[in-house]
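To keep things clear, I will list the structure first and then write my remarks on it.
The values are calculated or read from the model by the stated rules, or taken from the named source; none is laboratory data. Since we're looking at a predicted model, the values are computed, not measured. In this analysis, Cβ positions are derived from the backbone assuming ideal geometry, glycine residues included, and neighbour counts consider all displayed protein chains.
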Amino acid sequence: MEGKVEWTGATTLSGINSDGGRISLDWENGPSPMQVVLQCAGACSLIDLIEGVKGREVRSAYVELTSERA
């Protein structure tokens, strides 16, 4: 797995994976890098759940996340 993060001006960053996929970050007006880390942890857990119930009728699923900054 490879990727890079580049500053795109003001308070914005762009995360880019090896396939060219991008995610935008803005530490003032959008998801901050720390929020995205938390959301990614939730996404990994949710993917595991959805993969585990393949073949069953699932209409929706979500993960609620809470954290505190040390």
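Among the residues of region 6-25, those that are within 16 Å of CYS40 (Cα to Cα) and touching a residue at least 12 places away in the same chain (Cβ under 8 Å) comprise GLY15, ILE16, ASN17, ILE23, SER24, LEU25.
Residues in region 13-25 that are within 13 Å of VAL36 (Cβ to Cβ) and of a type in the set (Ser, Thr, Tyr): SER14, SER24. Within region 1-36, being among the aromatic types (Phe, Trp, Tyr) and over 23 Å from GLU68 (Cα atoms) holds for one residue alone: TRP7. Applying the condition of being without any contact (Cβ under 8 Å) to a residue 12 or more places away in the chain and among the polar types (S, T, N, Q) to region 26-70 and asking which residue is nearest to GLU6 (Cα to Cα) yields SER32.
Considered as a group, the residues in region 37-56 that are of a type in the set (Val, Ile, Thr) and over 24 Å from GLU68 (Cα atoms) include one that is nearest to the chain's Cα centre (by Cα), and that residue is ILE50.
Name the single residue, out of those in region 18-57 being among the small types (Gly, Ala, Ser) and not in a loop (DSSP other than H, G, I, E, B), that is modelled with the lowest pLDDT.
SER24
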